[in-house]
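The structure under discussion appears below in the form of structure tokens.
The values are calculated or read from the model by the stated rules, or taken from the named source; none is laboratory data. The structure presented is a predicted model; accordingly, all values stated were derived computationally and were not measured. So basically every Cβ, Gly included, is an ideal-geometry build from the backbone, and we count neighbours across all protein chains shown. For accessibility, only protein heavy atoms count, side chains too; no ligands or nucleic acids. Shrake-Rupley method; radii C 1.70, N 1.55, O 1.52, S 1.80 Å.
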Amino acid sequence: MHTALVHLGAWLRYAHYEFTTVTPATQARVNARPGTGKARTLRGVFGWSRPFDSTLLPADAFEAMQSGNLLEPQAGLFRSTVRFSSLGRMLFAHSAYPTQGADAVFFGPDTCRFAALIESTLREQPLKEGARILDVGCGAGPGGLVAAKQNGLPAELVLADINPQALAYARANAELNGMANAQCRQGDLYGAADGQFDLIVANPPYLVDPAGRTYRNGGGSLGTGLGERIVAEGIARLRPGGRLLLYTGVPILEGHDPFLVAVEPALKRAGCRFDYRELDPDVFGEELETPAYAAADRIAAVALTVWQHGEARP
């Protein structure tokens with residue numbers, strides 16, 4: 001799979017392929033339009049996840065997909081089990097639509113907002129040379145890879161996830177985007193990495209998912225469990241002057257934010273400086289129709305930046 005993903009990604013880049021992955025609801029609407037039942041372009045195959053005829057691809061690309069088990073037959077056609085999304089000048093492999101599998105690896109608008117947050121943060125306050133970066137719950141690896149690229153200096157990068165499928169994509173994406181030396185480690189949050197870091201980035205699952213899908217289920221009664229753990233356990237994993245940058249979603253209940261209420265005491269006890277703000281006041285509105293969010297006003301996308309006390313390492 002690894003070789004096939006890298007080969008396909010490199011070929012798609014050479015072919016000037018670009019695709020912005022949308023929300024699942026938007027993808028479903030677009031794919032339901034007349035004339036979209038069969039892919040006629042590379043974007044149809046690797047972006048919109050439509051069935052395609054094998055003759056649409058060069059023979060070596062099709063053979064690479066076969067050898068990497070990246071194809072599934074569908075009514076006399078084939079369907080790619082991998083999707084490729086653009087993020088600036090970078091290209092990322094991740095699970096095809098629809099992401100229904102328990103180990104599916106998601107990539108979408110939240111990823112774009114997360115990457116933009118990292119870029120703006122590091123533009124304002126760059127990391128020092130030789131910084132250690134950890135992307136916890138990395139998924140396809142965009143957070144850590146964007147941070148390392150934005151830093152523009154040699155850095156130790158650890159991409160960590162509990163999902164082996166996520167690490168398979170992350171490893172391929174690191175090589176595809178010129179960072180083959182990134183370390184990919186499997187484990188539960190910080191259990192996958194040793195020591196302290198100058199920057200920890202995280203975009204954890206934050207919804208209540210009855211199916212328990214790894215990329216979607218955030219844990220706890222409101223989906224904020226993983227985010228709370230990332231903050232509480234991450235404080236001790238920051239070097240002096242280090243930063244934790246968390247992008248997540250929180251349900252707002254009668255105007256109150258239960259996630260901030262949960263994490264603020266630990267941050268204050270540790271003497272950490274932090275900044276907390278809403279990036280988007282209303283995401284995944286369809287979730288309000290489910291029992292878990294029956295009392296929620298809305299689900300907001302938020303950014304939490306935590307600074308460990310002390311001076312950043314030279």
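For segment 213-236, enumerate the residues that are in a loop (DSSP other than H, G, I, E, B) and either hydrophobic (A, V, I, L, M, F, W, C) or open to solvent by 40 Å² or more (accessible area, probe 1.4 Å) (or both). Steps first, answer last, please.
Within segment 213-236, the first condition is being in a loop (DSSP other than H, G, I, E, B), and the residues that meet it are 213-216, 218-224.
Residues satisfying the conditions are R213, T214, Y215, R216, G220, S221, L222.
One line per residue, one yes/no per condition, for (1) hydrophobic (A, V, I, L, M, F, W, C); (2) modelled with pLDDT under 95:
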position	(1), (2)
G227	no, no
I235	yes, no
G241	no, yes
V283	yes, yes
E287	no, yes
A295	yes, yes
T305	no, no
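When segment 143-176 is examined, which residues are found to be closer than 23 Å to W11 by Cα, at pLDDT 95 or above and either buried (at least 20 other Cβ atoms within 10 Å of the Cβ) or basic (K, R) (or both)?
From segment 143-176, those closer than 23 Å to W11 by Cα are 145-146, 149, 165-176; that's our starting set.
If we keep only those that are at pLDDT 95 or above as well, we get 145-146, 165-176.
Residues satisfying the conditions are L145, V146, Q165, A166, L167, Y169, A170, R171, A172, N173, A174, L176.
Which of the residues belonging to segment 59-105 are in contact with a strand residue (DSSP E or B) (Cβ under 7 Å, 6 or more places away or on another chain) and of a type in the set (F, W, Y)?
Once the filter is applied, which keeps residues that are in contact with a strand residue (DSSP E or B) (Cβ under 7 Å, 6 or more places away or on another chain) and of a type in the set (F, W, Y), segment 59-105 yields F78, F84, F92, Y97.
Looking at R239, R277, can you tell me which residue is assigned to a strand (DSSP E or B), touching a strand residue (DSSP E or B) at 6+ places or on another chain (Cβ under 8 Å) and surrounded by fewer than 13 Cβ atoms within 10 Å (Cβ to Cβ)?
Details: R239 fails: surrounded by fewer than 13 Cβ atoms within 10 Å (Cβ to Cβ).
Every option except R277 fails the conditions.
Applying the selection to segment 109-137, what residues are among the hydrophobic types (A, V, I, L, M, F, W, C), closer than 30 Å to A25 by Cβ and out of contact with any Asp or Glu (no Cβ under 9 Å at 6 or more places or on another chain)? Step through it out loud before you land on a result.
From segment 109-137, those among the hydrophobic types (A, V, I, L, M, F, W, C) are 112, 114-118, 122, 127, 131, 133-134, 136; that's our starting set.
Narrowing further to those that are closer than 30 Å to A25 by Cβ: 112, 114-118, 136.
Listed by number, the residues that qualify are C112, F114, A115, A116, L117, I118.
Which of the residues that make up segment 245-290 are without any contact (Cβ under 8 Å) to a residue 60 or more places away in the chain and of a type in the set (A, V, I, L, M)?
V250, I252, L253, L260, V261, A262, V263, A266, L267, A270, L288
This table checks each residue for (1) touching a helix residue (DSSP H, G or I) at 6+ places or on another chain (Cβ under 9 Å); (2) within 29 Å of L91 (Cα to Cα).
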position: Y169; (1), (2): yes, yes
position: N173; (1), (2): yes, yes
position: Q186; (1), (2): yes, yes
position: D198; (1), (2): no, yes
position: A202; (1), (2): yes, yes
position: G220; (1), (2): yes, no
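How do the helices (runs of 4 or more DSSP H) wholly within segment 1-111 filter down when requiring 2 or more residues that are small (G, A, S) and crowded, with 17+ Cβ neighbours inside 10 Å: which remain?
Numbers: elements: 2-14, 24-31, 42-46, 59-67.
Those helices (runs of 4 or more DSSP H) span 2-14, 59-67.
Suppose the filter is closer than 17 Å to T99 by Cβ, outside any loop (DSSP other than H, G, I, E, B), touching a helix residue (DSSP H, G or I) at 6+ places or on another chain (Cβ under 8 Å) and among the hydroxyl-bearing types (S, T, Y); does Y190 pass it? Before the answer, list the steps.
Values: closer than 17 Å to T99 by Cβ: no; outside any loop (DSSP other than H, G, I, E, B): yes; touching a helix residue (DSSP H, G or I) at 6+ places or on another chain (Cβ under 8 Å): yes; among the hydroxyl-bearing types (S, T, Y): yes.
For Y190, the condition - closer than 17 Å to T99 by Cβ, outside any loop (DSSP other than H, G, I, E, B), touching a helix residue (DSSP H, G or I) at 6+ places or on another chain (Cβ under 8 Å) and among the hydroxyl-bearing types (S, T, Y) - is not met.
Of the residues F106, F84, F78, which single one is aromatic (F, W, Y) and without any contact (Cβ under 8 Å) to a residue 40 or more places away in the chain? Full working, then the answer.
On the way: F106 fails: without any contact (Cβ under 8 Å) to a residue 40 or more places away in the chain; F84 fails: without any contact (Cβ under 8 Å) to a residue 40 or more places away in the chain.
Exactly one of F106, F84, F78 is aromatic (F, W, Y) and without any contact (Cβ under 8 Å) to a residue 40 or more places away in the chain, namely F78.
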